[in-house]
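Here's the structure, in structure tokens; my notes come after.
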Amino acid sequence: MSRLDSKVVAITGASSGIGAATALELATRGAAVVLGARRTDRLDALVARIRTEGGRAEMLEVDVTRRADLERLVTLAVTRFGRLDVLVGNAGVARTAPMAALDVDDWDAMIDVNLRGVLHGIAAALPVFRSQGHGHFVTTVSTSGLKIVPTQAVYAGTKNAVRTLLEALRQESTDGVLRTTSISPGYVHTELVDHIDDPETREQAQHAMATLGISPDAVARAIAFAIEQPDDVEIGDMTIRPARQG
Ligand code: NDP
């Protein structure tokens, strides 16, 4: 029996890339998964696939910039499966560009989704984790926050802010109720950079993805590894990147 057999895991940004791969990996290993994102057609297809393969899955339209949506996601997990063991705060956008371009709307979008979205998840799940006596926050941060490079100032800033949040939460929760894990992927082949507006930045990022990017399954396996540890073992930080990434 896998240690994931008894886990209930909610995942934001589950409609594509790392979130979708994580949903499949965890469901295959026996977890019940509760999936949130805005593209419900993709979530519907994923839930159908998981159920066809014998897994347990539910979905909900979630925009992480709306606090109430995270509350509804957590409530869905608790009402459908009896509790929530893990929240994977994975939804993210990477609207990277040089700062001089002053794409202030994109800065706001990254702060709203990547940072505020994770805070909304913490606000929704923390009371449930505390009343259950256990819970695990996993977030998808980035190697962008570890090695600062041009065009990624705000993106990396949001990821490092999330890393800080989880470390502070960990230090406030040494009673053993909470576990926190920050996963830092390097280049992972997903559609993330296809949404970059700045053509030059987008082309460079797409080239890096195409030549270096690893499969989102690699990150999904790392997330599964962190979750399946015994309750008294916390995987704090993990970096998963292409072996050839500089
Ligand atoms: P994708 O673009 O495939 O996935 C992004 C996910 O976030 C989608 O499911 C999208 O769903 C969701 N999302 C975006 N905005 C919102 C929102 N407002 N509310 C709810 N969901 C939202 O890219 P990845 O899988 O690569 O990205 C997943 C995470 O991994 C992100 O946090 C990203 O920053 C991080 N990451 C990715 C790396 C990479 O190289 N790919 C490297 C390091 C970190 P929808 O549009 O349906 O709402």
Between 0 and 90 degrees, rounded to the nearest ten: what's the tilt of helix 117-132 against the longest Cα principal axis of the chain?
20
Using the Cα centre as the reference, give the magnitude of the dipole from point charges on the C-beta atoms of the chain (Lys, Arg: +1; Asp, Glu: -1; all else neutral), rounded to the nearest 20 debye.
540
Among the trypsin sites (Lys or Arg not before Pro) within the range 112-200, which fall in a DSSP loop and have no more than 13 other Cβ atoms within 10 Å of their own Cβ?
K147
Over all viewing directions the Cα convex hull of the range 149-242 casts an average projected area in nm² of 6.7
Share of antiparallel DSSP beta bridges in the chain, in percent to the nearest 5?
0
Looking at the chain as a GNM with Cα springs under 10 Å, which of D63, D105, D194 has the largest mean-square fluctuation?
D105
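If exposed GluC sites (Glu not before Pro) are those in a DSSP loop with at most 11 other Cβ within 10 Å, what is the longest stretch of the chain that has none?
Working: sites that count: E53, E191.
It runs 54-190.
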Let me check the size of the range 109-180 from its C-alpha atoms; what are the radius of gyration and Dmax in Å?
13.3, 43
Using only Cα atoms, figure out Rg for the range 77-198 and give it as a multiple of 2.2 N^0.38 Å.
1.15
What's the percent breakdown of Cα-Cα distances in the chain across 10 Å bins, shortest bin first?
8, 34, 38, 17, 3, 0
Residue-averaged [θ]222 nm for the chain, counting only DSSP H segments that reach four residues, each worth -39500 (n - 2.57)
-14000 deg cm²/dmol
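How do Y187, Y155 rank when sorted from fewest to most other Cβ atoms within 10 Å of their own Cβ? Let's see the in-between values first.
Details: Y187 21, Y155 24.
With the fewest neighbours first, Y187, Y155 line up as Y187, Y155.
In debye, nearest 20, what is the charge dipole magnitude of the range 115-214 about its Cα centre with +1 on Lys and Arg Cβ and -1 on Asp and Glu Cβ, if you could check? Could you put the intermediate results ahead of the total?
Numbers: 8 positive and 9 negative charges, 92 e Å.
Charge dipole, the range 115-214, about its Cα centre: 440 debye, nearest 20.
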Which value in nm describes the separation of the simple spin-label points at L102 and A45, placed 7 Å from the Cα toward the beta carbon?
4.1
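Read-outs: derived from the displayed coordinates by stated rules, not from any lab. None of these values were measured; they are calculated from a predicted model. Backbone-built Cβ (ideal geometry, glycine too); neighbour counts: all protein chains shown.
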